[in-house]
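Asker: One structure coming up, written as structure tokens, with questions to follow.
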Amino acid sequence: MKVIGFTGNYGKEDSVPQAYLMADSSILYTGRTFFVPDFARRFVATPSIVVRMSRLGKCVAPKFAHRYWDAFAAAFTIRACDSDDERLTGLDRAIDGAAIVGDWILVQDARDAMHTPIEARVGDKVVAQCCLDDMRFPLEEMIAAVSTRCSIKMGDLLFTGDAGEGCVLSPGEHMTASIGGQPVLNMKVRL
């Protein structure tokens, strides 16, 4: 299983989406606890929407990409930082548990998956209110782009981008998210 992520897909038009890979050990599902490592000064949680790949594909045409995913979830990615604006070069997302995934909503169960509202919070602060249709680059194009470089396999996770502002994590913090008003993610942060 691969974890493929994008940055720069929501918000500012001058940002260019960049892809990154994370190890399968980075996946942490809701209900578990994220333990803050001690190798960096700060850790920043950024909300995202993740889709689950449901079949094998290589060089998928955008018009067929909707057939290659079957569920979506609210998520957070965690990155390590040395200072206020500086990321750790190359390994800023290479953290066990850094891909936090909420409960899956099957596309067939959602009335309209592309327009279902997702809200993410860190503590009491709302850090994202978005939906899959808010992306600058459509999901179909993202799936097609990834599939030209590597095969998509059943169970692969595609993080669609930084859907809101990042928040510095501190012990005792609580990350939550809901999809269409239904709670789907609940994560505690500990030392």
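Where a number appears in this text, it was derived from the coordinates with a stated rule and is not lab data. In this text, all values refer to a predicted model and were calculated from it rather than measured experimentally. No Cβ is skipped: glycine too gets one built from the backbone with ideal geometry, and neighbour counts run over all protein chains shown.
Asker: Given 37 °C and 0.692 mPa s, compute D for the chain with the Stokes-Einstein relation, Rh being the Kirkwood radius over Cα pairs; round to the nearest whole µm²/s. Display every interim value, and only then the final one.
Answerer: Working: Rh = 16.5 Å.
Once the numbers are plugged in, D ends up at 198 µm²/s.
Asker: What is the fewest-to-most order of 167, 150 by other Cβ atoms lying within 10 Å of their Cβ? Display every interim value, and only then the final one.
Answerer: Working: 167 20, 150 12.
The order, fewest Cβ neighbours first, is 150, 167.
Asker: Treat every Asp and Glu Cβ in the chain as -1 and every Lys and Arg Cβ as +1, leave all other atoms uncharged, and give the resulting dipole magnitude about the Cα centre to the nearest 20 debye. Present the calculation step by step, with values, prior to reporting the outcome.
Answerer: Working: 21 positive and 24 negative charges, 120 e Å.
Result for the chain is approximately 580 debye, rounded to the nearest 20.
Asker: Output the peptides 39-51, 105-117, 130-142 sorted from most to least packed, where packing is the average of other Cβ atoms within 10 Å over each peptide's residues. Present the calculation step by step, with values, prior to reporting the outcome.
Answerer: On the way: 39-51: 21.6, 105-117: 13.9, 130-142: 17.8.
Answer by packing, highest mean first, reads 39-51, 130-142, 105-117.
Asker: Here is a follow-up. If packing is taken as the average count of other Cβ atoms within 10 Å, what order do 62-70, 30-38, 2-10 fall into, highest mean first? Could the numbers behind the result be given before it?
Answerer: Values: 62-70: 16.2, 30-38: 14.1, 2-10: 20.9.
Final packing ranking: 2-10, 62-70, 30-38.
Asker: Considering only DSSP beta bridges with both partners in the chain, what is the antiparallel share in %, to the nearest 5?
Answerer: Working: 45 of 54 bridges.
If we restrict to bridges inside the chain, about 85 percent are antiparallel.
Asker: Report the residue, chosen from 121, 79, 55, that carries the largest GNM mean-square fluctuation when the chain is represented by alpha-carbon nodes joined by springs under 10 Å.
Answerer: Highest fluctuation among the options: 55.
Asker: If you take every residue apart from residue 154 with its C-beta less than 12 Å away from the C-beta of residue 154, what net charge results, scoring Lys and Arg +1 and Asp and Glu -1?
Answerer: Working: positive: 2, 52, 55, 153; negative: 70, 156.
Computed value for this residue: +2.
Asker: Could you tell me the center-to-center distance, by alpha carbons, between region 28-61 and region 118-181 in angstrom?
Answerer: 8 Å
Asker: Still on this structure, please answer the following. In degrees between 0 and 90, to the nearest 10, how far off the longest principal axis of the chain does helix 139-149 point, with axes built from Cα atoms?
Answerer: 90 degrees
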